[in-house]
Structures are given as C-alpha cells and as structure tokens.
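In what follows, a structure is listed as structure tokens, so that the remarks can point back to it.
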Amino acid sequence: MPAISAILITCNEQSDLPEALESLRGIADEIVVVDSGSTDRTCEIAQSLGARVVSRPFTNFGEQKNFAAAQAAHDWLLSLDADERLSGELRGSIAAWKQSEPEYAAYQMNRKPNYLGGWIRHSGWYPEYCVRLYRRDCARFVGALHESVQVNGRVGRLRGELLHYTIRSLREHYAKMEAFTTRAAEDLYARGRRHWRCGMCLAAPWTLLQRFFFQLGFLDGYRGALIAWTSARYVWLKYRKLGVLVRGGKLEARVWPQARDV
C-alpha cells in the first residue's frame, strides 16, 4: 500500500489552511508545509493539525513546490494549494487507489473553481485536469508562474474533483492580477520578448471573446462576464508592463500573490 506525503506551500493562509488540511485527513500519511514568511497564524495552525512546517523564502512557484517535494519522506506526493480541498468522491478515489499497486507514474484530477461564491463550469476554467499525485522519481514541477507537473511516464486519472476556492472578492482578484502580471512581464522580458503592442491591441480583446463566447462563459452568468473581462485585462496589463520594461522603465515591487487582502 503506497504511503502519501501531501505537500503545500503557504504564506498568510490562516483562513484557508484548516479546511485544506482537514480534507487530507485519512488520506495523507505525512503533511509537509513550506512557508515563506507568514505573519499570521498559518504556521501555528499547520503544526496544530499535524503538519511539519519548513521555512523557505519564496523564489517562484515551481521551485517552491519542488523544494517541498524534496522535504517529503514518501515516494508518492500529493500537491495541494491552501485554497483547495479534496472532494468526498476524490478522497474515496485516492483511498481506493492506496489499496492496490499503482499502474501509472502520476494521476490527474479535475479541478473545479469557486469564483465569487459560485461554481464555474465553463469560461475556459472548467474542466481542468491537472496532475497532483505523482511519484517523486518520475515527475517534477516546471514553470516559475503557471507551474505544472512534468511527468516521465504514463498518467492516469482519478474520479472526483479538486475543489478550488480561487477568488472571494473583486478586490482580491485585482490585487492578484497586479502581482501576477508583473511577474509575467518580467518573465517575458527575461526570455527576450520585446514586442508588446500587438499583445495589448489584439491578444487582450481576443481573450475576452474567447472566454465569453467560444468557451461559453456566458453560461456562467455575471461571473462568466467578469472572468472574461479580467482575463482580457490580465493580458493587457502583462503586455503593458512588458512595454514599460522594454522602454527602460521599472515595475512596482511584487506582492506575494497568495496573500489575501480581505
């Protein structure tokens, strides 16, 4: 029966962390939390709920999660964000999986987003199958910003959903967007990208049309309209900030994007 180490990265997640850890009860044989300087009760809560806490300054998402994986004791890793929970069906799938010999090197699960208090079923946000359960010797996280698990081997799929409580207010959404677009612009600039005007003028409006019409965002009601608008604004801001860097300007200091300002 394979043992599982659950890994999470945190910074000021005292509101979300208890439910995330509770959803791992009976599933994870070990929980490792890598914290990057929380000033609230995140670390205290993690320890009180049985997690082992390790401190590390934040560099980027991929590196932070790979560091967390390196701290784990078991070969099978389950990566969870603090604002995510395992659904009952997904817990059952993982529990059943633990009773047999694994067939695959990694497993996908379908992430279901909750945006402004409602579940999103379209808008390019759902369904979203992502690898979260994997053997440490067959996979690792890649990507500094929109990180994902790169697998060397076959990938299976588990039943059930990974519930993602992504955004609770527009204020929070805009704060995260500012932080993420700054990092995205810096990443584009570091990779040699110098053309930015077409992205602002063409990619941004195309994103709005794609989200709302072609990805059926209108079926998500006003939330779908907001997702389409903010997605387009994200693209516009990213390229506008790239333009600032290309012209020799500087961007404002980044804010840790997981911290909630609510």
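The values are calculated or read from the model by the stated rules, or taken from the named source; none is laboratory data. Since we're looking at a predicted model, the values are computed, not measured. All Cβ positions, glycine included, derive from the backbone under ideal geometry; neighbour counts span all protein chains shown.
Restricting attention to the range 80-96, the residues being within 19 Å of the chain's Cα centre (by Cα) and of a type outside the set (D, E, K, R) number 5. Per the listing GLU19, GLU44, GLU30, GLU13, the residue uniquely over 15 Å from ASP81 (Cβ atoms), of a type in the set (Asp, Glu) and touching a residue at least 40 places away in the same chain (Cβ under 8 Å) is GLU30. When we screen ARG211, ARG197, ARG223 for residues that are over 29 Å from THR59 (Cβ atoms) and touching a strand residue (DSSP E or B) at 6+ places or on another chain (Cβ under 7 Å), the only hit is ARG223.
Within the range 54-76, one or more residues are acidic (Asp, Glu), outside any strand (DSSP E or B), assigned by TED's automatic domain parsing to the domain that holds GLN150 and under 22 Å from GLY26 (Cβ atoms). With respect to GLU161, is the statement that it is outside the structural domain of SER123 (by TED's automatic domain parsing) and of a type in the set (Asp, Glu) true? Here the answer is no, as GLU161 does not meet what is asked.
If you check LEU209, LEU226, LEU202 for being at pLDDT 95 or above, closer than 19 Å to PRO113 by Cβ and either in a helix (DSSP H, G or I) or within 19 Å of the chain's Cα centre (by Cα) (or both), only one passes: LEU226.
Of ILE45, ILE9, all but one fail to be assigned by TED's automatic domain parsing to the domain that holds LEU133 and either part of a loop (DSSP other than H, G, I, E, B) or more than 18 Å from THR166 (Cα to Cα) (or both); the exception is ILE45.
Name the residues in the range 85-125 that are among the charged types (D, E, K, R) and touching a helix residue (DSSP H, G or I) at 6+ places or on another chain (Cβ under 6 Å), would you? Within the range 85-125, just ARG85 meets the criteria.
The set of residues in the range 202-254 being of a type in the set (A, V, I, L, M) and surrounded by fewer than 18 Cβ atoms within 10 Å (Cβ to Cβ) consists of LEU202, ALA203, LEU209, LEU216, LEU219, ALA225, VAL244, VAL246, LEU251, ALA253. For the range 103-111, the count of residues that are hydroxyl-bearing (Ser, Thr, Tyr), assigned by TED's automatic domain parsing to the domain that holds GLY160 and either at pLDDT below 95 or over 17 Å from ALA6 (Cα atoms) (or both) is at least one.
Yes/no per residue for (1) surrounded by fewer than 19 Cβ atoms within 10 Å (Cβ to Cβ); (2) within 19 Å of the chain's Cα centre (by Cα):
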| residue | (1), (2) |
| --- | --- |
| ILE9 | no, yes |
| GLU19 | yes, yes |
| LEU24 | no, yes |
| ASP35 | no, yes |
| ASP40 | yes, no |
| GLU44 | yes, no |
| ALA51 | no, no |
| PHE58 | yes, yes |
| ALA73 | yes, no |
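When THR59 is tested against (1) within 20 Å of LEU163 (Cα to Cα); (2) at pLDDT below 95; (3) not basic (Lys, Arg), only condition (1) is not met.
Between ALA175, ALA184, ALA203, the distinction of being touching an Asp or Glu at 6+ places or on another chain (Cβ under 6 Å), not assigned by TED's automatic domain parsing to the domain that holds GLU89 and not polar (S, T, N, Q) belongs to ALA175 only. Of the residues making up the range 189-199, those that are in contact with a Leu (Cβ under 8 Å, 6 or more places away or on another chain), under 12 Å from VAL235 (Cβ atoms) and assigned to a helix (DSSP H, G or I) number 1. Only one of the numbered conditions (1) surrounded by 19 or more Cβ atoms within 10 Å (Cβ to Cβ); (2) free of Cβ contacts under 8 Å to residues at least 12 places away in the same chain is violated by VAL131, and that is (2).
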